[in-house]
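The values are calculated or read from the model by the stated rules, or taken from the named source; none is laboratory data. Note that the coordinates shown come from a computational prediction; the quantities given were computed from them, not determined experimentally. Note that each Cβ is placed from the backbone with ideal geometry, even for glycine, and that neighbours are counted across all protein chains shown. Areas reflect the complete protein model, heavy atoms only, side chains present, ligands, DNA and RNA absent. Shrake-Rupley method; radii C 1.70, N 1.55, O 1.52, S 1.80 Å.
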Number of protein chains: 4
Amino acid sequence: MSRHARHWKHTPIANPLRARLNRWLFDLSSKAGRRTNATLMIIIIASVIIGMFATVGHLEARWKALFYTVEIGIITLFIIEYIARLLTARRPLAYALSFYGLVDLATLLPLLILGDANTAIRLLRVFRLLKLIRYLRALQLFIASLRDVFEIMAVVISAISIIVLVAGNLIYLLEPENITNAFEGCWWSLVTMTTVGYGDIVPHSAAGRILASVLIMIGISTFAMLTGVISVKISHSLAYQRSCPACARMIAQEFSYCPYCATAQHPPRQRDDPDHTPPS
Amino acid sequence: MSRHARHWKHTPIANPLRARLNRWLFDLSSKAGRRTNATLMIIIIASVIIGMFATVGHLEARWKALFYTVEIGIITLFIIEYIARLLTARRPLAYALSFYGLVDLATLLPLLILGDANTAIRLLRVFRLLKLIRYLRALQLFIASLRDVFEIMAVVISAISIIVLVAGNLIYLLEPENITNAFEGCWWSLVTMTTVGYGDIVPHSAAGRILASVLIMIGISTFAMLTGVISVKISHSLAYQRSCPACARMIAQEFSYCPYCATAQHPPRQRDDPDHTPPS
Amino acid sequence: MSRHARHWKHTPIANPLRARLNRWLFDLSSKAGRRTNATLMIIIIASVIIGMFATVGHLEARWKALFYTVEIGIITLFIIEYIARLLTARRPLAYALSFYGLVDLATLLPLLILGDANTAIRLLRVFRLLKLIRYLRALQLFIASLRDVFEIMAVVISAISIIVLVAGNLIYLLEPENITNAFEGCWWSLVTMTTVGYGDIVPHSAAGRILASVLIMIGISTFAMLTGVISVKISHSLAYQRSCPACARMIAQEFSYCPYCATAQHPPRQRDDPDHTPPS
Amino acid sequence: MSRHARHWKHTPIANPLRARLNRWLFDLSSKAGRRTNATLMIIIIASVIIGMFATVGHLEARWKALFYTVEIGIITLFIIEYIARLLTARRPLAYALSFYGLVDLATLLPLLILGDANTAIRLLRVFRLLKLIRYLRALQLFIASLRDVFEIMAVVISAISIIVLVAGNLIYLLEPENITNAFEGCWWSLVTMTTVGYGDIVPHSAAGRILASVLIMIGISTFAMLTGVISVKISHSLAYQRSCPACARMIAQEFSYCPYCATAQHPPRQRDDPDHTPPS
């Protein structure tokens, strides 16, 4: 976040009603904002779970009317939320084109195509869960603090991909009567290597089982290494923590909000920023 | 535990027989108390396992009389234990209304409804295992010392829930002929992500298998991270240990009892507690 | 190992041939001893694997004569080894009654009952693998250095046993038509909790699947904690290492032999042992 | 790598075209070299995946001509690459006889036997993936830095092998009607112990299930220990890192190339090498 963006974010809004709605809808550091957002979060999860009930065959006929009503109600609520966000955002266009704005818009689409395109509607219902990302600040920050770990995972995932390709092709050579094609071989490799072991494809020949054994040992070692590297990285990042001034819990340096109480953190690197005035 | 509660706990009991029984039944720090409790613990486990034998179809007829007799014997013993606890507790009403008191009472209920309600009886038999919590002090303290870890687990479980919801809905969209409804999709997601891999539901289409692959990789990474975070937290909590005066083993600061020998620990924060006289 | 035992172990043997055989058979710190033992180790593994071939139905008839001959040869070799060990041991009776002596004797029994008791013979063939324990010094020491870890594992295994008992009884209550008896429920609990997930028993009802989900989450958390605790313990034990004087690799304090080169280590606690003369 | 070899590697090539091609094909530390190699890497992966499509039964007929053309094109490219490498290598014979040279040659063989030996061709297509090893420098170095870990893994793998042998023979004794032979028992042991749990072989008797339970607990403990040891080793190796002068990331001391940006590292032990002139 650039210094400019931060300054703009704290420009006061003239209209008091708009200012209050803005705080309710956007400001996760205020108590009112957290309450509104927690309510919306529960409604989103409830609506997704209700949508799932509609997929249960023998229930659909019985509860159809209810589900339909609830669906209309939730979409109406989201339309109101979307309009309110558009009206009260500091820069409505910036909001409308932002990731969150597009997700909010996408979740309204089922209304427009309601009636026939069942698959499309179901897909859009799942989109609603993306709205949750906004509210999962703790999770977001947790993931952000593990950026180092993702580099290691990229190496591990490339290694796994190549092992899966090699083993998948080899098992197809060894048991062509059991494995239909090389892609199925790769699917089996992944399922075996990660110890999922569905059992839909199981090697029967001695050679296939030896390959499987080697693959399992490689898989377990790889994931043991992955766990080891992640442990070390996490240990290192936790060693450079600071205390949250609001709740006194230890948090990572790079967090700009406390993951426990959502209090904004004063980043230590702003010390060399002479014209910055901290937000009250 | 407040200071008041601790003082009350060490008030001497006038009646010597009641005092001895109280020590036997409640005082895990005395040798006699540990012996009584270990015996009761073995009886509880034995009674649950005997109860399990009664569920084996072809055995039931043959051994029915024996199981019935044993059951009556064990319930009689528990009634005696319950009455003894009530009579010898420092504050009988407080015991009767405590968690342990209610569990002790609940395990006696099978006697009252013996004869017909088989399912209810079996459920109450399982309740007996809850009585074990009392005796598993080491485990309790181990869990208590990991309170920090539970916060992280809450974040991880929320993350997993959302991934399971998204993946469950997506797999239902991708393979509607294979997965009956969206809940079944979520069940498959969880079973796949955690590498359990029962194999009751297995994706057959290319898209479904790609989704499964992504899900497996996310699952393994998430659990590797969880292990990493827990390792670091445990490492940190072990770094601030002190030695148990009774058995000389290292234990965490926040333990008020040694998890190995159940000796009460003199908490370091009592130093600023002038009117406290340590128990002999 | 007491100081007395160590002194007796280094008493010289008068007869030079017996001394040499003793070194070959018992002294893993000499080059000749390691060579003899490595040879015996390979023969043991080979004999077990040959014994396994004899269990393959359609092969048995064809190779029967060969397997029989090899079996006789190996048993003869083990008889010679046993007699040699008895004759050259410093204290033959102590050897004969030691764990290793009894295992050596047990592996000879198939000869005596050769001809009919097939199952007994197969069982005794497996006993041969116990002979390997003698040669797996590195492994033995690795395990010995993890004594602390075993205490934690005992707590974890008790916790798992109780969770398995509770969940096994609950699943039997929830899906009696699917799970035959409460023991099968416990089997399912263990297979689910440890993410093995054979798929022989899979819950079908919503309640059963919710129980399974909770069980999986508990299982994964428990094993993540186990891994964490073990990591920390290993880290601690590795922090107090010393360098092997022969191969310069870092080894744990409590090792009395280097696990890499089998050189005997001069234990640091012998410093306060005035009448001890170190072995040459 | 000996000092002599290093000196020879930096001998300038007289012919400027040959020098440029040499840099393109062999010098991963130059930008042009990395670009050429990344392109070849993508072509290799693409060719393997195209080869996998050819194994899909119902697709083969339709796309056969296309696959055949692509295959010819890729093999032609690899022939050109092989000749270019031979001509521009500093020591062509050394290259031809090196591991990479032999792999490059092996991947050309399908051309020579094109037409009939389908299995051989498929096998050789998989060989192409070995060519990738050249480009996976980051992975190679990551693995190289874990040499210590491999020693521990060797101990763990020996331990697992013996447990698998013992458990495999025992399960065959316990459930001979379920498990065809002792090898199948070992296969089941490995699949169970590593929590893969295909479910192709599942114990049905009480004794078999108790054995499985013990095996699962041993397996999980072993892999928890493996993860713990690896974590500690990685932690130790990361503690002695240095910063890469090119990308400023922390890398292990023993790396001679930065695993992130492939910049050659000036090894600290060259300080005592007076006649060495560092490469520009």
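A few remarks follow.
- Closest approach to the A/D rotation axis among chain A Cβ atoms, residue and whole-Å value: A:GLY199, 3
- Here is how far apart the D:ARG90 label points are across copies: 5.8, 5.9, 8.3 nm, shortest first, using a point 7 Å from Cα toward Cβ.
- Burial order of peptide ranges D:225-233, D:15-23 (average beta-carbon count within 10 Å, highest first): D:225-233, D:15-23
- Judged by the gyration tensor of its Cα atoms, with axes a ≥ b ≥ c, segment B:144-239 is prolate; a/c meets the 1.5 cut and a/b is the larger of a/b and b/c.
- The mean count of C-beta atoms from other chains within 10 Å of the C-beta of residues in A:179-191, rounded to a whole number, is 5.
- In this assembly of identical copies, the label point of D:ILE72 (Cα plus 7 Å along Cα-to-Cβ) is separated from its counterparts by 6.5, 6.5, 9.2 nm, sorted shortest first.
- Distance in nm between pseudo-label sites at A:ILE83 and D:LEU108 (7 Å out along the Cβ direction from Cα): 7.3 nm
- In this Cβ point-charge picture (+1 for Lys and Arg, -1 for Asp and Glu), segment B:144-239 has a dipole of about 300 debye about its Cα centre.
- Dipole of segment B:144-239, positive direction: furthest Cα of B:ALA154, B:TYR172, B:ILE216, with charges on the beta-carbon: B:ALA154
- Taking all protein chains together and rolling a 1.4 Å probe, A:ARG35 ends up with roughly 150 Å² accessible.
- Label geometry 7 Å along the beta-carbon vector: A:LEU109 inter-copy distances in nm: 5.1, 5.2, 7.3
- Counting Cβ atoms of other protein chains within 10 Å of each Cβ in B:168-176 and taking the mean gives 4.
- Counts of other chain beta carbons within 10 angstrom of each beta carbon in peptide D:41-51 average 1.
- For the pair A and B, total buried accessible area rounded to nearest 100 Å², probe 1.4 Å: 3500 Å²
- Seen from D:LEU21, the other residues with C-beta closer than 11 Å to its C-beta sum to a net charge of +2, counting Lys and Arg as +1 and Asp and Glu as -1.
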